[in-house]
Each structure stands twice: as structure tokens, then as C-alpha cells.
1. When only the heavy atoms of the protein chains count and the probe is 1.4 Å, how do B:Met335, B:Met53, A:Met328 rank by accessible area, highest first?
2. May I have the pair-distance distribution P(r) for chain B, computed from all Cα-Cα distances with 20 Å bins from 0 and rounded to whole percent?
3. Going by accessible area, probe 1.4 Å, with all protein chains left in place, what is the ranking of B:Trp200, B:Trp231, largest first?
4. Under a 1.4 angstrom probe, counting protein chains only, how are B:Tyr332, B:Tyr251 ranked by accessible area, largest first?
5. Accessible surface of B:Arg197 in the full protein assembly, 1.4 angstrom probe, to the nearest 10 Å²?
6. So how strong a dipole does region B:262-338 carry about its Cα centre when Lys and Arg Cβ are +1 and Asp and Glu Cβ are -1, to the nearest 20 debye?
7. R0 = 56 Å: FRET efficiency of B:Ile341 with B:Val140, Cβ-based, nearest 0.05?
8. Rounded to the nearest 0.05, what FRET efficiency do B:Phe79 and A:Thr141 give with R0 = 60 Å and r taken as the Cβ-Cβ distance? Could you check?
Amino acid sequence: MQKLFNKFKNRNEPRTATIQPGGESFEVPKNRTLLQAANDKGIDFPQHCTVGTCGSCRCKLLEGEVRPLRDFSYTLTRAEISDGYILACQSMLKGDVVVELESRGELATQPAERFTANITSTGMLTHDIMEVSVQLDRPLTYTAGQFADLLINNGLEGFARHRSYSFSCAPEVGGSSDLSFHIRRVSGGSYTEWLFEKDRTGETLELHGPNGSFWLRADDAPILCIAGGSGMAPIKAILEEAAAHHIKRPVTYLFGARAQRDLYCLEEMQALAKQCPTTLQFIPILSEEPEGSSWTGKRGLVTEYINPAAVGFDLKGCHTYLCGPPVMIDAALEVLECNQVPTDHIHYDKFLDSRQLEIES
Amino acid sequence: MSSAIAGNSGPLSFVARVTTLPHLTFAILPVVGYLLGGGIYHWITVFVLLALMFIDPIIGTDDTNHDEADEGALQEKLFYRMMLWVTLPASVAVTIFGHWLLTQTSLTTSETIGFLLSLTLATGFLATTAHELCHHTQPVDRLIGDLVFTPIFMCDFHIYHNFMHHIHAATPIDPGTARYGEKIYPFLINSIVRKTRMAWQIEKKRMADNGKPTWHPSNLMIRFIVLQAAWLGLLVALFGLWSIPICFVQYLFPRLLLAVGDYLEHYGLGRKQLPDGSYEKIRPNHAWDDSTLVSSMLFCQIDRHSDHHTNVGRPYQILRVMDEAPRLPQGYLTMIPIAFIPSLWRKQMHPVVEAYYDKGEVIPYAMPDALPEKYAAMVPEGWGQTLPD
Ligand code: FES
């Protein structure tokens, strides 16, 4: 009876929520969601829609229990839910809770700005990927893994063509004025046709950046990178930076391409491997290389190599970074899930769009 | 969310002050027509709507944005929620009254048509209050929203709208976003069919994610079907089989209304694609704004659409007119009929859309070959495909 009475009494008492890392604590009145209470207290909590549809307020429940106002599974994946993720905007507390906010441990990123970029050189990396090097009007500070928007300003009125490309090199301390990007030719597309049509050295572009939150998270765990096509660029930048920081974590990098003519940056990767104090294994995998060709490396799909034997470490404890065509990412995510890689250790852009639902467009 | 706010800062827009009174009035009008003796009075709602359409451009816009200091208090005020709640008894009562009148009394053909239209308009415009409720955080509000959707058989909208439209608007994934040059009629059919299908897919996927079979009582679509079937069953039990075609008209009109609304709201606007093939976050630039007073009143301020999309959690009373948002040339009540005449629509809308494209804030989202060369050049190659470069 006393127990029941206590339970009843406790129902009306405010709960306490604690946010990690940092240990900030605040009271959550019984009729407020976790996010509302955090906002009430002026606590900086990531959010966007506030109605349980965008996933921005995702956090990990470390202790305690919550009652969802709207089923989390509309927005979170099954793996995320089983790993203890909740949506703060849809959570009523059943008692005191401790939640972890990943973004608190992340680096603060520079706000994006506009720059003028002069093309200093261009060069073919493969038959359809070009490296474009530019010089900016002033140094830009970014984090390896981020991207920028490039606008072609060729003087024609209304001709504002832009595409987003990842920085393909690690940034320099204090900002970089010399940048390079990997740009894949899309046949029939006016933007890349313009670039590929003739030598554009000396032309001026407009650059807007940095953008994105794809970067290496601090930890000791082994790293598995998976990239395909021009997804090479951000991974290369991340690994260059990691190597420069004398990273002590084992790294395996699976790079998927169609055939030998689609491979690039092989020398750079070898140089990086040498530079790394620990093991950096770079494994190119070709999916459409003709049988009997001179290729002696791995064949098949990248996903076939996501296993402990191929990567050389236990997948459960590793951190993964993926960049490439969504089909590849989706397939890789599935394999990672089967291998019980915790979702909070899988990094790619959080906004999945069509990939969240198998919907024909 | 920091956003430049257009309009005058004032206590509250007129529309926010009248809250759902216009909807409640529409719900009462069919009864008023009957009490006035029927006949031509059964057309009362149609006449009122025509009059409103006529005065809408004359009255003009009300760009008042509430004082930001009042926002917290306005947002929490129970009054605004209660004004939404009372639309539930209104929609149930007018539907029952309507079915009774249409099936149990003898009306002339003209009376039947007039009254049926009045009834349909009454419950149809209530879809906008149900829409508002389906966005609320409080489960009780969402439940009431579903119940307001029930007499018009539109519960599935709740799922599609929250988990598809609000996430994917202004991208090719969303069937509720119209392309520049897209004709209204195929758009309506396609969007109506695909929205329901998507609601199914979303629930099906959620069931699978939760390790449950599709046909499970926690599948909201199944609950909605049961709820709507029970409602239909009740009407048939009370008023006989003629209730079925009446329900069908009640079903169709609000769908068309909201689908035309969709057609206007994002016409031709596309979001930028990021390197991984996903789309940038939705910004006020990705929805057409309108603050024409009369239109706004009938649509529960949903025509302040850019704020609604950028800040989904904002209730209707504090939606703002946004500086960066593109503006429709006329109010909803004018643009909706215009949308049905493609040549007129193009004449009214295309210059405005193109002028907005010139600002370079959005990707032109268009039918193949519909764009003038200059704007076609603004579409990044491969835009709209999930594969990145
Ligand atoms: S803020 Fe969008 S899901 Fe919580």
C-alpha cells in the first residue's frame, strides 16, 4: 500500500534529466517533454521539427525510462531503438533519466561563408573523375570530411550552377587557401560538361562552405572506412588528417570501384599507409573487372568484405565511416547491422531521405 | 530557428484571433439553410464561399506577425487548442444532420445538389483544422484530429503528411510537391493515390521494424480503416445505403482541396542535393507563402506555409509570414480555381516562379523540357536522382 502510495506521489513529482557528456542536470515537469524542459532551461539541445519526424533531437538513453508520445520507430531505425536511442521531443519521463548527446562531443564547425575560388589546375584522376584545384581569396577553415558548394559564375545572367563537393585533402592549421575537389563527369550535364569541355584553369568560381558533419570522432576504437566512386574524397581527407595526427587506431579502408580504370589515389593511399604508425589497410575491390585481366586484387562487392576476417578486427567494437552511392551505403548498413556494429558508431549523413523508406519515386 | 520575418510586428494577426470560427460557421451554415426553409438556402455555403472568393482579393493581406515576446504565452494558451477541439463535435453533428436530411427528407434535385455541396464544404474545410491537430505533440490532440478526419475518410493523411510530406517536400520523393509545368489533373490523381499508398508503406515498414506483422492492431492504418468503416456502418445503419454515395462525395472533396493546396504550396520549388544524394534541410524558400486575409481564415493560417514547414512544431496561431519565402500572386481562394485552368495558371504563376528562380535560392523543380533554357541551366545535372556524382 505504501509502495502504491509512493508511486502515486512520485507521479506528480518533477523528474531530473542529466545530459552527458558534461553532466548538466535539469528538472523536467511531469507535463513537459524532455526537449521542452531542456528548452525551458535554455539548454542547447539539437532540434528541428519538435514533433518527432526529423530525428534531430535523437539522443541515447543511458539510464531511466521514457514514454514515447509518438512511436520512435517512425523516425529511428530498429537498430537505433535497440541501441537505446530516443527522440527527446517525444519523450515523457517515467523517472529520472541520463541521456547522452553525441553532438556535445563533436567539434564546433565553422559557419559557412562565401569565397572566390580561382581554378589553378585540373587533372584527370580516372577516365571520368577530375581533380580540380582552386585558390581562395582568403583561407577557409574546415574539418576533414566536410564539403563545399561550388558555383560556376561565367557571366551569363541567371547562370548560377552549383554542386556540392567534399574537400579532398586534410585542412591546414589556420585554414587553407589551396583546395582540391574530385569531380565526376556526368554526361549530358551542363555543369560538368562545362568543366570537362576544355582546360578551365584561370576561371573563377564561387565557393560556399564548409558544410556537413561527416568527420572523424575522437575515440580509441578501430576504424573501418567504406567508400565508392568519388566518395574517396572525404575519406582521403579524413585519413590524411588522422595520419598527420599520428593516429593510434587500426584503420581498414574498403574502396569499391567497377574496374581498374575507375581506381585512383592508389599511390596516395600507399604513402598514407606508410605514414601511419599503426596499420592502415587499403583494400580496393572491383565489381566489374573482366575475368582473366591483369587485376590480382579483390573482386566482388564491397559488402562481401565487411567481415572480421577481411578487415582484420572485430567489427562490434569498431567505428565506421561511409561515403558513396546510397545503394552501396544501404547495403553496407545492413551488413554492419548484422555484424552488430552499434549505430552510434556508424557515420554518414544523417538525412537519409528516400533510403529510409523503400519507396519508388 | 533564426529567420527574417516580414510583415508588421503586432499583437496578433486577425486570422489568429478568429481561430476556427470560420470553420465552425461553415459547419453551421447547412443547418441555417435548412432553418431558413431550404430551397435556394440549401446552397447557402456555396454562395458564402463564392462571396468570400470575390472579396478575398479586395480585402487583401494581413501580414501581421505577433510580437516575438508573446510567443511562448501564445503557444501554450489552451484557448487555441480548445477552438480546434470543438471542430470535432461540429463535424460529427453536421455530417449526421446532413445524412439525415439527404436520406430521410424529400429534397428536389437542386436542393440535393446545393445541400450536398454545402455539407461537403463544411466538412472539407474542417480538414484544415484536423491537419493542424495532427501536428500537435499532445496525443489527445492528434486523436481528435483523427476523429475530425473520420467523417471525410482522410485519416491516412495524418501519416503521409507527417512522415512523408514534411520530410520530403520540395524533392521528387514527395508526391505532394508539384513540378513547374505540371498539369493539375494528372497531379491530383497521382498525388491522391500515392499519398494513401505511402501511408500504407510507412505503417508497413514500422510494423516490420517493430517485428510485427502488417496486419496488427497497432498498425495505425488498420485502426483508421476500422474507425472509418465503423463510422460508415453507423451512418448506413441510421440512414440506409444512400449514405454511401454521400460519404464518397465527402471523401473526395477534401482530398481534392488539400491536393490542390499541395499543388500551390511548393510549385516548382526544389531543395539542393548534398553529395551523398540526400537533400538539404527545408528552408522558408521551399514553400509559397500567402497571407491574404480571407483565404487565411478558411485555411487556418496554413497558407503561411514556409513557416509551417520550417518550424513544424509551431501551432497555427503563431505562424509567421517569412521574408525569404516566395509569395503567391493571389490568395488561396483565387489561386485554387486558377489552378484548374492550366493556361491561366501558367500566365499567373510562371512569371512569379521564374522571378523567384532568378534569386538563385532554390533548384527549379520542373517537368522534363518545361523550363526555359536559362532556368534549365540552374538544375544541377543528376538532380533528383538518389545517386550522387
Ligand atoms: S526535433 Fe525532430 S524528431 Fe525531435
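1. Most to least solvent-accessible, the answer reads B:Met53, A:Met328, B:Met335.
2. 27, 58, 15, 0
3. Solvent-accessible surface, decreasing: B:Trp200, B:Trp231.
4. Ranked list, largest accessible area first: B:Tyr251, B:Tyr332.
5. 110 Å²
6. Once rounded to the nearest 20, the dipole reads 120 debye.
7. Between B:Ile341 and B:Val140 the formula returns 0.85.
8. 0.75
The values are calculated or read from the model by the stated rules, or taken from the named source; none is laboratory data. What you are looking at is a predicted structure, and each value in this text was computed from that prediction instead of being measured. FYI the Cβ positions are ideal-geometry reconstructions off the backbone, even for glycines, and counts take in every protein chain you see. Heavy atoms of the whole protein, side chains included, go into the accessibility calculation; ligands, DNA and RNA do not. Shrake-Rupley method; radii C 1.70, N 1.55, O 1.52, S 1.80 Å.
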